[in-house]
Amino acid sequence: MTSDLVSVRYLVDDVAAAVEFYTGHLGFTVRSSALPAFADVVRGNLRLLLSGPASSAGRAMPDGTKPAPGGWNRIHLVVDDIDAEVARLRADGVPFRSDVVTGPGGRQIVFDDPAGNPVELFQPAAR
């Protein structure tokens, strides 16, 4: 099976809120929607599958463990001007997990979507 899209699944508490967040703040567009259980949004070659509690991905495991949002694995979005993006998102009320951190490869910051799933903005170092 081949596809030009790379798919990442995020568990979310509220699919509609997640769709609004990704389309309204980060430039994703809706690919399909089966609210309130599921929707998928795309940005470039990234397909983000947003699975709510009513989706098959949200069902309990055989041992009773319920999948939940959060953790530290995250999508990584490259931006040209991290300071401008951070200012725009802060003005929109988006909560950040960290401050901008500078490393050998560039600058990054992590924030949460409405369900607590992390998103990283990354500006590569000038070469």
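Answer yes or no as to whether ASP113 is of a type in the set (Asp, Glu) and open to solvent by less than 30 Å² (accessible area, probe 1.4 Å). Taking the combined requirement at face value, the residue satisfies it.
If you go through region 89-127 and keep only what is among the charged types (D, E, K, R), part of a loop (DSSP other than H, G, I, E, B) and touching a residue at least 24 places away in the same chain (Cβ under 8 Å), you end up with ASP92, ASP113.
Note on region 54-88: among residues that are polar (S, T, N, Q) and in a loop (DSSP other than H, G, I, E, B), the one that is least open to solvent (accessible area, probe 1.4 Å) is SER55.
Only one residue in LEU121, LEU46 is out of contact with any Asp or Glu (no Cβ under 8 Å at 6 or more places or on another chain) and of a type in the set (A, V, I, L, M, F, W, C). Which one?
Numbers: LEU121 fails: out of contact with any Asp or Glu (no Cβ under 8 Å at 6 or more places or on another chain).
The conditions single out LEU46.
For region 1-53, a tally of residues being farther than 19 Å from PHE111 by Cβ, of a type in the set (Ser, Thr, Tyr) and buried (at least 22 other Cβ atoms within 10 Å of the Cβ) returns 1.
When restricted to residues that are in a strand (DSSP E or B) and of a type in the set (A, V, I, L, M, F, W, C), region 2-47 contains 10.
The values are calculated or read from the model by the stated rules, or taken from the named source; none is laboratory data. Computed from a predicted structure; not experimentally measured. Every residue, glycine among them, receives a Cβ derived from its backbone with ideal geometry; neighbour counts consider all protein chains shown. Surface accessibility is based on the protein's heavy atoms, side chains included, excluding ligands, DNA and RNA. Shrake-Rupley method; radii C 1.70, N 1.55, O 1.52, S 1.80 Å.
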